[in-house]
Amino acid sequence: FARVGNKYLAETEPWKLWKTDKDRVKTILYLGNQIIASLSTLIEPFMPFSAQKIRRMLGMEQPIAWDKIASTDLLSPGHQLGKAQLLFEQISDEQIEKQLQKLKQKDKTMEENKKLEPIKEQITYDDFAKMDIRVATIKEAQDIPKSKKLLKLTVDTGLDTRTILAGIKDQYKPEDLVGKKIVILANLQPRKMMGLESQGMVLMANDPDGRYVFLTPDQDVENGSYIS
């Protein structure tokens, strides 16, 4: 229907007739506006905002009923039109390329964020059996001022009380950790960091978004309970 209107204007060429036949030009523009009025309803199901914009330019308050679309008197002679403006903005190749690059970068970032660590090489049962994994409770948690990542955790293993350093400062506040039930690797060789000795390791899940999440038993168990 839009092509019909375009063909009508192209063939009648009102811009050439204005000096010689103004009445004819008025008729051409009158019929052209009737076609545009019909289009405002025809495109509404899939371009609702553009349909509203057309009606504002035509000075129409309400959409046209579907059974009136083919009428040639949708706008009466002397009807006051609204302010004309561009219905669609032309998008340059540069703008398109810019948006494509944004989408590609977004996809790349999401892919990187969601990338899971590959499974490591297989180990034997004897290798696993060497690890002493226990349930414990955080009794104290302190900030280490000189470190950007580390928190000092005082942990009750049920067998002893020890210090474990954990690189979770950017995600957890010390005051929120006291009393938390955790899982630790108890027989990891002690390691010195920031002048302090870490006696074990807190076991945590590290998801693709970079979050560290504590592993905790789904029921209350005693400190020192062995995980196998």
Kirkwood Rh over alpha-carbon pairs of the stretch 28-74, then Stokes-Einstein at 4 °C and 1.567 mPa s: what D in µm² s⁻¹, rounded to an integer? 123
Test of understanding: express the Cα radius of gyration of the stretch 94-228 as a ratio to 2.2 N^0.38 Å, with N the residue count. 1.36
The stretch 1-101: chymotrypsin sites (Phe, Trp or Tyr not before Pro) in DSSP loop, at most 10 other beta carbons within 10 Å: Phe46, Phe88
Please identify the trypsin sites (Lys or Arg not before Pro) of the stretch 67-104 that satisfy two criteria: DSSP loop assignment and at most 15 other Cβ atoms within 10 Å. Which are they? Lys83
Cα-Cα over 26 Å, subset of Lys106/Lys152; Lys53/Lys108; Lys139/Lys169; Lys22/Lys83; Lys152/Lys181; Lys7/Lys98: Lys106/Lys152; Lys53/Lys108; Lys7/Lys98
Report the per residue volume, in Å³, of the convex hull enclosing the C-alpha atoms of the stretch 1-84. 98
Listed values [x] 25.6; [y] 13.6; [z] 22.0, entry calculated as mean projected area of the Cα convex hull in nm²: [x]
Sorted list, accessible surface of protein heavy atoms, 1.4 Å probe, largest first, for Glu140, Glu222 is Glu222, Glu140
If you count only protein heavy atoms with a 1.4 Å probe, what accessible area per residue comes out for the stretch 1-58, rounded to a whole Å²? 66
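The values are calculated or read from the model by the stated rules, or taken from the named source; none is laboratory data. The structure displayed is predicted, hence computed values, not measured ones. Cβ coordinates were reconstructed from backbone atoms using ideal geometry, including for glycine residues, and neighbour counts include every protein chain displayed. The area values use the complete protein model at the heavy-atom level, side chains included, leaving out ligands, DNA and RNA. Shrake-Rupley method; radii C 1.70, N 1.55, O 1.52, S 1.80 Å.
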